[in-house]
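Report on the following structure.
The values are calculated or read from the model by the stated rules, or taken from the named source; none is laboratory data. Since this is a predicted model, take the numbers as computed values, not measurements. Virtual Cβ from ideal backbone geometry, glycine too; neighbours counted across all protein chains shown. Each accessible area value is taken on the protein alone, full model and side chains, heavy atoms only, with ligands, DNA and RNA left out. Shrake-Rupley method; radii C 1.70, N 1.55, O 1.52, S 1.80 Å.
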Amino acid sequence: MRLIHTLAGLQTALADREAVGFVPTMGALHPGHGALIRAARQEHRTVVVSIFVNPLQFAPGEDFAQYPRTLEADEALCASWGVDILFAPTVPELLGSAPLTQVVPPVTLTQNLCAPHRPGHFTGVATIVTLLLQMIRPHTLYLGQKDAQQVAILQRVIQDLRLGVQVRVVPTVREADGLALSSRNRYLNPAQRPQAGRIYQGLHRAETLFQQGERQAGVLVEAVAQELAQESALKIQYIELIHPPTLQPLTRIETEGLLAVAVFLGDVRLIDNVLLKSRLPVVAIDGPAGAGKSTVSRLVAQRLGLTYLDTGALYRAVTWAVLRSGVPLADAVGVAEVAASTPVELRWQPDLRVFVAGEDCTDIIRTPEVTQAVSQVAAQPAVRQVLLYIQRQYGQRGGIVVEGRDIGTTVFPTAELKIFLTASVQERAQRRWQELQQQGITGLDVAAIAQAIQKRDAQDSQRQVSPLRQAADAVVIDSDGLDVAGVVAQIVAVWQTRSQFQSQSAAQL
Ligand code: AMP
């Protein structure tokens, strides 16, 4: 691990680095930060962590001066978590001379939750994170669900300024009594520490009501308020139920809601939240080529009563649009223009139909002409970007099973269930050989097929665009020695152990 203090050092260290996962922090690291860093470590070749107590995000009278600064301990922790670059600039190094150009988030995202109580806070956060993203140019930015408003705002900044960074949100890490880990927990004295546990108890009470079917904001908020009232030392700043991406208040939860609180315990301000989702889950199945993802995904969807989102059909649809336009496949700009300007749509009627610019192209996208061109079109970053957006739209309501090389890491990083379906090279080669035999294709031996598979794996995991990676929160299923039915049974079993899905599915299927 390299500890770096200057922008010049950072840029030099990053010159030959690709596929960076980036975790911005203010230091005083704890296992909550550790969860973000571990996810980044698992999903990226290079992990950069920044430690910067950002003066721009502290309002006058807040705890900027006494915020804990523990660089030595942080350095040791980062080294133990496998960080490659720890960037800890001084204030003048990063901010130069004031006044600085500011990134001001849209007003609709700063009307609720923390923003009205912390004037200028999110402008400070957006400014500094934008600056760091510009310097580091990571593939993925790792953020904690604990700071849900920060997540929504940074996602919007990245989208609006076209910063081209993926955002990965990591669930909140908690103490045994439920208290969300926070650098500010060190301010709590021994008497306050157990009192702080009440915050999560309040949220959990509402969560339980939600699981029992309660959807009204008033009832859920009141449940938290009642629980917090049990602890007189807690002074409530807000308890709000909002729609997570837009941060607008909800009167009732239709698909998902964020129940968030801020309280004071003495001078210490603590925040926490729970995400209440009433949508059906997204099941994301990743894994190397030839592990049987598409067959398994279709069957899992059938077994669970969900919809199989055929992403391959979307890529074929775009490919057909490109072929029809006459743009040469090698013309990346032309292909990008077609992909971005041709509407493609999947409709379930009830069988899947595929529409390109309003025209039913279900059959034509399966022709050999399209089959031959699809991998070349799908490899184009612009095409993946357009389809990323479309796939996420289908994912918004949930209730889908979807597979691909980067589904759980890039397309649906918040999927409720992620499966990484794998099998040894030998096993995949054997299966492929059998398939070829059944198609009457002989002459290839298993060893040659294995070699080709190995090469493909290496290519897929080193791709610049959407490489194959196992999401840190994926359940790994090794299908060696299992048939398709066995794999499907395992996935269904994983699903069933997640009781929250079961109760939602039972209510909604
Ligand atoms: P901070 O150092 O407080 O600015 O936090 C840096 C990052 O760590 C932010 O994305 C936080 O949301 C995240 N984080 C802080 N506490 C936790 C936690 N208990 N669990 C998960 N992520 C956290």
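Some observations on this one:
- Cα-based helix-to-principal-axis angle, 31-43 vs the chain, degrees rounded to 10: 20
- Efficiency of FRET from Cβ geometry, Gln454 and Gln376, R₀ 22 Å, rounded to 0.05: 0.50
- Packing rank of 134-145, 164-175, where each peptide gets the mean count of other beta carbons within 10 Å, highest leading: 134-145, 164-175
- Per residue, the accessible area of the chain comes to 45 Å², computed with a 1.4 Å probe over protein heavy atoms only.
- Sorting Asp74, Asp177 by solvent-accessible area of protein heavy atoms yields Asp177, Asp74, largest first, with a 1.4 Å probe.
- Part-to-part distance (alpha-carbon centres) for the stretch 18-91 and the stretch 382-432, which is given in Å: 30
- Only beta bridges with both residues in the chain are counted; by DSSP, about 45 percent of them are antiparallel.
- For the stretch 2-170, with +1 on Lys and Arg beta carbons and -1 on Asp and Glu, the positive-most of Thr123, Val53, Tyr142 along the dipole: Tyr142
- Ala28 sits among other residues whose Cβ lies under 10 Å from its own Cβ, and their net charge, with Lys and Arg +1 and Asp and Glu -1, is +2.
- Ranking Gln201, Ile239, Gln166 by how far each Cα lies toward the positive end of the dipole of the stretch 163-288 (charges on Cβ) leaves Gln166 at the top.
- 24 Å Cα-Cα reach of Lys455 towards lysines, excluding residues that sit fewer than 8 places from it in its own chain: Lys293
- Placing +1 on each Lys and Arg Cβ and -1 on each Asp and Glu Cβ, with no other charges, gives the stretch 2-170 a dipole about its Cα centre of roughly 360 debye.
- For the peptides 78-89, 186-197, residues were scored by their other Cβ atoms within 10 Å and the scores averaged per peptide; the highest-first order is 78-89, 186-197.
- Against the chain, whose longest principal axis is taken from its Cα atoms, helix 484-497 shows a tilt of about 20°.
- Nonlocal amide H pairs with Ile285, under 5 Å, H built at 1.01 Å: Val402, Glu403, Gly404, Ile419
- Probe 1.4 Å - accessible area at Trp348, Å² to nearest ten: 100
- Net charge dipole size for the chain [Lys, Arg +1 and Asp, Glu -1 on Cβ; Debye, nearest 20]: 80
- Atom-type composition of the exposed protein surface of the chain places 52 percent of the accessible area on carbon and sulfur (1.4 angstrom probe).
- Bridgeable lysines around Lys146 (alpha carbons under 18 Å apart, same-chain partners fewer than 8 residues away excluded): Lys277.
- Mean separation of Cα contacts under 8 Å (6+ apart) over length of the stretch 183-277, as relative contact order %: 28
- Each Cα pair under 8 Å and six or more residues apart adds its separation to the average, and for the stretch 310-375 the resulting relative contact order is 35 percent.
- For the stretch 269-343 versus the stretch 202-226, the gap between their alpha-carbon centres in whole angstrom: 35
- Angle in degrees between helix 499-508 and the longest Cα principal axis of the chain, rounded to the nearest 10: 70
- For the stretch 401-481, the residue among Ile477, Ile441, Thr410 whose Cα projects farthest onto the positive side of the dipole built from Cβ charges is Ile441.
- Each residue of the stretch 156-166 is assigned a 3J(HN,Hα), and the resulting list reads 5, 4, 4, 5, 5, 8, 6, 7, x, 10, 7 Hz, derived from the Karplus form 6.51 cos²θ - 1.76 cosθ + 1.60 (θ = phi - 60°), x at Gly and Pro.
- Gain on full extension, evaluated as 0.36 nm per residue between Arg162 and Asp478 minus their Cα-Cα distance, stands at 110.0 nm.
- The listed residues Thr255, Thr25 rank as Thr255, Thr25 when sorted by accessible area, largest first, using a 1.4 Å probe.
- The 1.4 Å probe gives accessible areas that order Ser325, Ser375, largest first, as Ser375, Ser325.
- Computed over the stretch 2-170: relative contact order in percent, which uses C-alpha pairs under 8 Å that are six or more apart: 29
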